[in-house]
Amino acid sequence: MACTLALGACATPPPPPPPAYTGPVLQIEQTERGVLLVLPSTVLFEVNQSSFREAEARPYLDRLADLVTRKSKKRIAIEGHTDADGSAALNESLSKARATAVADAMVARGVTRDRVDIAGYSFNRPVASNATDEGKRLNRRVEMIVLEETVANITAGEAPNAFESAFAKLKSLVDSGQVRPVEAGKP
């Protein structure tokens, strides 16, 4: 019995739980192409602008760059989008400029340029109807796809509350009436 008590006293207590995650929550989704990471509303672009709000964007851009440099060596597609206001030519140029702005921010944070593909899709791939201001705001976005990557790899070892489903977030906005879904045949 003395042996049992002595051994019990020597047992190492379990490590304390990790501190609660307080960094930026990223919208993430597994797609056929790879892992989709959507920059949130704090990084969205104003009408006719290709620069983001640096102070609000910095934590998200830092976090994205950290994830894609630390967790994957795969290529990254950075894709810019616009709302449907303005001409097709203006929106084509603007969407590519938005993607370039985010690509430049990633490169400045250590992502090698040769990993990055840039594309602008103008108003041709809306996520919400352009009939409302909120829908237009959501359509002014940049998406990053870590090509041929898995969410399991990107999120492994990360705090569980560091990510949220990009599709569920959009669905909740539609379900609550804050945005309208995209209408067939309309940008």
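Residues that are out of contact with any His (no Cβ under 8 Å at 6 or more places or on another chain) and closer than 30 Å to Val182 by Cα do not occur anywhere in the range 108-115. As a summary of the residue check, Gly86 satisfies the conditions (1) modelled with pLDDT under 95; (2) buried (at least 18 other Cβ atoms within 10 Å of the Cβ); (3) part of a loop (DSSP other than H, G, I, E, B) except for the one numbered (2). Residue count for the range 110-149, restricted to those that are of a type in the set (S, T, N, Q) and under 18 Å from Asp66 (Cβ atoms): 1.
For Arg98, the test of being buried (at least 21 other Cβ atoms within 10 Å of the Cβ), out of contact with any Lys or Arg (no Cβ under 6 Å at 6 or more places or on another chain) and of a type in the set (D, E, K, R) is passed.
Looking at the range 104-118, can you tell me whether even one residue there is in a helix (DSSP H, G or I), in contact with a helix residue (DSSP H, G or I) (Cβ under 7 Å, 6 or more places away or on another chain) and surrounded by fewer than 18 Cβ atoms within 10 Å (Cβ to Cβ)? Yes, the conditions are met somewhere in the range 104-118. Within the range 65-83, if we keep just the residues that are under 17 Å from the mean Cα position of the chain (by Cα) and at pLDDT below 95, the residue that is surrounded by the fewest Cβ atoms within 10 Å (Cβ to Cβ) turns out to be His81.
Being part of a helix (DSSP H, G or I), among the small types (Gly, Ala, Ser) and on the phi < 0 side of the Ramachandran plot is a description that does not apply to Ala128. Residues in the range 31-57 that are in contact with a Phe, Trp or Tyr (Cβ under 7 Å, 6 or more places away or on another chain) and of a type in the set (A, V, I, L, M) were compared, and the one that is farthest from Ile78 (Cα to Cα) is Val43.
Pairing each residue of the range 160-171 that is assigned to a helix (DSSP H, G or I) with any residue that is among the small types (Gly, Ala, Ser) and surrounded by 14 or more Cβ atoms within 10 Å (Cβ to Cβ), provided the two are 6+ apart or on different chains, yields C-beta distances under 7 Å for Ala162/Gly23.
When Leu7, Leu36 are checked against the criterion of being at pLDDT 95 or above and either farther than 19 Å from Ala159 by Cβ or not in a loop (DSSP other than H, G, I, E, B) (or both), a single residue qualifies: Leu36. Beta carbons closer than 7 Å, at least 6 apart along the sequence or on distinct chains, pair a first residue in the range 88-103 that is farther than 17 Å from Asn130 by Cα with a second that is outside any helix (DSSP H, G or I) and of a type in the set (S, T, N, Q) for Ala97/Ser50; Arg98/Ser50; Ala101/Ser50; Ala101/Ser51.
The values are calculated or read from the model by the stated rules, or taken from the named source; none is laboratory data. Keep in mind that this is a model prediction, so the values were computed, not measured. Every residue, glycine among them, receives a Cβ derived from its backbone with ideal geometry; neighbour counts consider all protein chains shown.
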